[in-house]
Amino acid sequence: MRNLILAVLLVLGVAGAAAAQPLPQPWTPQFDGDLGDVIEYYNQRLTDLADRKRMRDEVVTNRKAMEAALKWSGQRGFLIEQRVQKTAGPTGWQRRPLGGPVMHGVGATPADAYAASTLRTSLEAPLPTFQFDPDSSFFIWVEPHRTWTGALKLRPAEIPPGEGFAGAVRQEALAQLADVAVARASLEDHRARVLEGMVKQLRRETANAERRERLDRQYLQYRQQRDKVREIQTRLDQELRRAQRVDGLMNTLNVLRGVATVATMVMQVEAALDNPPTQQLRDARTPDDVIRITDEYRRQTGDRVEAYRREMTVEGPRARDLQLELGEMLRQGNAPPALQNRLFLCPTDHPGCP
């Protein structure tokens, strides 16, 4: 075993989605050793020898799939997780894998890969009498490296465990999942980067000039439609926030109707709304005028919400169709199925998914 520990131990005891904590200093991955050796080192935490062999074999068996995913996506690395469960035994803690190794997949950083995968991954619960063991569970971050012969080698990178680096990386991923809008934006950004890498790789491997031009046209059309949908979604989110604020404001105004002056109610409206109907409010003479003006603002906001939703029902499917056509071209070009699933499949009940 090499003298450096070549894997990622991410602290799994963080409860809830904490706010992202910046890394204390720029992290530079350190590489050494072999992926199989790293797994063998961490497998010492498992009690049963058969469990150790099964886990090692499963990860090593996926080596080719990891290499293909890194090659086609153009992403920096690949994240693997092995969760461990424990129970008290006659001679101390007995530790077993909690499910098989989770191939979180590619990403620009460990947090990026973890957050994108967690939107889709359901984790197993411990067996009866067992409990989740965060101190024995581990992550492995693998990056590609070209040897002097041109061969591709997978190298595990060390992230120092604890609250400094590993803790901050995990908190960053958890923070991305805590807010629906942030989760959606994070997933869309991740997919866009992976898709761009796949299209570039397919273009490199396509010898026929006409097919390359067709691929370029299809990708351009998809990007334009995707950007259009994103713009509509951004405006829709803005109007939904306004609708929520004005609903709360109307409740406040109804309470103030009989106890506050018109000037006070106008100040409440102008403070609550980011684009208040200032001119109309200046003409208000009674509390009922303020309430009427605010209610009209609410009605107009609701109309815009419905308009943007109607746009989404038209433009969203168009983007999806273009995406699926692009996916078919990638499939015909033998892009890795795991990457295609990452791009084109998503649980519909998760708010971070389109």
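Considering every residue within the range 62-69, establish whether at least one is in a strand (DSSP E or B) and open to solvent by 10 Å² or more (accessible area, probe 1.4 Å). No: the range 62-69 contains no residue that is in a strand (DSSP E or B) and open to solvent by 10 Å² or more (accessible area, probe 1.4 Å).
The rows are residues; the columns are (1) at pLDDT 85 or above; (2) of a type in the set (Val, Ile, Thr); (3) closer than 30 Å to residue 189 by Cα.
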{"position": "86", "(1), (2), (3)": "yes, no, no"}
{"position": "93", "(1), (2), (3)": "yes, no, no"}
{"position": "97", "(1), (2), (3)": "yes, no, no"}
{"position": "102", "(1), (2), (3)": "no, yes, yes"}
{"position": "108", "(1), (2), (3)": "yes, no, yes"}
{"position": "114", "(1), (2), (3)": "no, no, yes"}
{"position": "117", "(1), (2), (3)": "no, no, yes"}
{"position": "122", "(1), (2), (3)": "no, no, yes"}
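Right, residue 236: of a type outside the set (Gly, Ala, Ser), farther than 27 Å from residue 337 by Cα and open to solvent by less than 50 Å² (accessible area, probe 1.4 Å) or not? So residue 236 passes the test. Of all the listed residues (106, 142, 102, 84), the sole one being open to solvent by 10 Å² or more (accessible area, probe 1.4 Å) and aliphatic (A, V, I, L, M) is 102. None of 194, 169 is within 16 Å of the chain's Cα centre (by Cα), among the aliphatic types (A, V, I, L, M), modelled with pLDDT under 80 and not in a strand (DSSP E or B) except 169.
Please verify whether the range 305-320 includes one or more residues that are among the small types (Gly, Ala, Ser) and open to solvent by 40 Å² or more (accessible area, probe 1.4 Å). Checked the range 305-320: no residue is among the small types (Gly, Ala, Ser) and open to solvent by 40 Å² or more (accessible area, probe 1.4 Å). Taking residue 223 as the residue in question, decide whether it is open to solvent by 30 Å² or more (accessible area, probe 1.4 Å), under 22 Å from residue 182 (Cα atoms) and without any contact (Cβ under 8 Å) to a residue 24 or more places away in the chain. Yes.
Just so you know, in the range 207-260 the residues that are under 28 Å from the mean Cα position of the chain (by Cα) and of a type in the set (Ser, Thr, Tyr) include one that is farthest from residue 306 (Cα to Cα), and it is 219. When every residue of the range 324-339 is checked against the conditions, none turns out to be among the small types (Gly, Ala, Ser), open to solvent by 20 Å² or more (accessible area, probe 1.4 Å) and over 29 Å from the mean Cα position of the chain (by Cα).
The residue that is farthest from residue 106 (Cα to Cα), counting only those in the range 43-61 that are among the hydrophobic types (A, V, I, L, M, F, W, C), open to solvent by less than 70 Å² (accessible area, probe 1.4 Å) and out of contact with any strand residue (DSSP E or B) (no Cβ under 8 Å at 6 or more places or on another chain), is 50.
The values are calculated or read from the model by the stated rules, or taken from the named source; none is laboratory data. Since the structure is predicted, the reported quantities are computational estimates derived from the model, not experimental observations. Glycine also receives a Cβ, built like all others from the backbone with ideal geometry; neighbour counts cover every protein chain displayed. The accessibility values were calculated without ligands, DNA or RNA, using every heavy atom of the protein model including side chains. Shrake-Rupley method; radii C 1.70, N 1.55, O 1.52, S 1.80 Å.
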